[in-house]
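Some notes on the structure that comes next.
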Amino acid sequence: MHDAVPVIAIFGCIPLVIWIIMSQRNKAKAKTAEIITSLIGKDKDVTPEIIKAIGYVPARSHGDLRTSLILMALGAALFILGGVIPEEEAQQIFAGFSAFPFLIGIALLAFWFFISRHENN
């Protein structure tokens, strides 16, 4: 049991850090929306300069493409890692692990191809 505690702590920290980052990002977006709503409620003009000064960051163009390429590269890297390990079953196991990010990357690439790239024009 004592050997499992460091492993659980290391792998438990990863979701914790991701949750903290996402929570803080959501709080910042909610605060921005609250400020803009209060400005609109006071009949103030909300100009792009004010929105930029508040800290609103627009979505990146081609964000789906960027994310899909990163996930597909991660899937390919996991597949190659499985092939490099001299264990017989490693390639089969890592092929299964690599399928998840690779297929999600393909789905995001299709989403970008059929929808997102046409919205930017």
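Every read-out reported here was derived from the displayed coordinates using simple, explicitly stated rules and does not represent laboratory data. These numbers come from a predicted model, not from an experiment. Here the Cβ is made from the backbone with ideal geometry for all residues, glycine too, and neighbour counts use every protein chain on show.
Stretched out fully, how many nm does the piece from Ile10 to Ile50 gain, at 0.36 nm a residue minus the Cα gap?
Extra length available between Ile10 and Ile50 comes to 10.2 nm.
What does the charge dipole of region 1-58 about its Cα centre add up to, to the nearest 20 debye, if the Cβ of each Lys and Arg holds +1 and the Cβ of each Asp and Glu holds -1?
So the dipole magnitude of region 1-58 works out to roughly 120 debye.
Taking the Cα centre of the chain as origin, work out the dipole magnitude from +1 charges on Lys and Arg Cβ and -1 charges on Asp and Glu Cβ, in debye rounded to 20. Intermediate values should be presented prior to the final figure.
Values: 10 positive and 10 negative charges, 143 e Å.
Dipole about the Cα centre, nearest 20: 680 debye.
From the phi of every residue in region 63-76, what ³J(HN,Hα) in whole Hz does the Karplus formula 6.51 cos²θ - 1.76 cosθ + 1.60 yield, where θ is phi - 60° and glycine or proline is x?
Here the 3J(HN,Hα) series is x, 5, 5, 4, 5, 5, 5, 5, 5, 5, 5, 5, x, 5 Hz.
Roughly how many nanometres apart are two label points built 7 Å out from the Cα toward the Cβ at Ala107 and Ile36?
2.8
Would you compute, from DSSP H runs of 4+ residues alone, the mean residue ellipticity of the chain at 222 nm, taking -39500 (n - 2.57) per run and dividing by the full residue count, rounded to the nearest 500?
Numbers: 4 runs with 89 residues, N = 121.
After summing the helix terms and dividing by residue count, I get -25500 deg cm²/dmol.
Along the charge dipole of region 59-121, Cβ charges K/R +1 and D/E -1, which of Leu108, Leu81, Ser98 sits furthest on the positive end?
With unit charges placed on the Cβ atoms, the residue in question is Leu108.
Is the shape of region 81-121 rounded, prolate or oblate, going by the alpha carbon gyration tensor and its root eigenvalues a ≥ b ≥ c, with a/c under 1.5 for rounded and a/b larger than b/c for prolate? Could the numbers behind the result be given before it?
Numbers: a/c = 7.82, a/b = 4.49, b/c = 1.74.
Judged from the Cα gyration tensor, region 81-121 comes out prolate (a/c at least 1.5, a/b above b/c).
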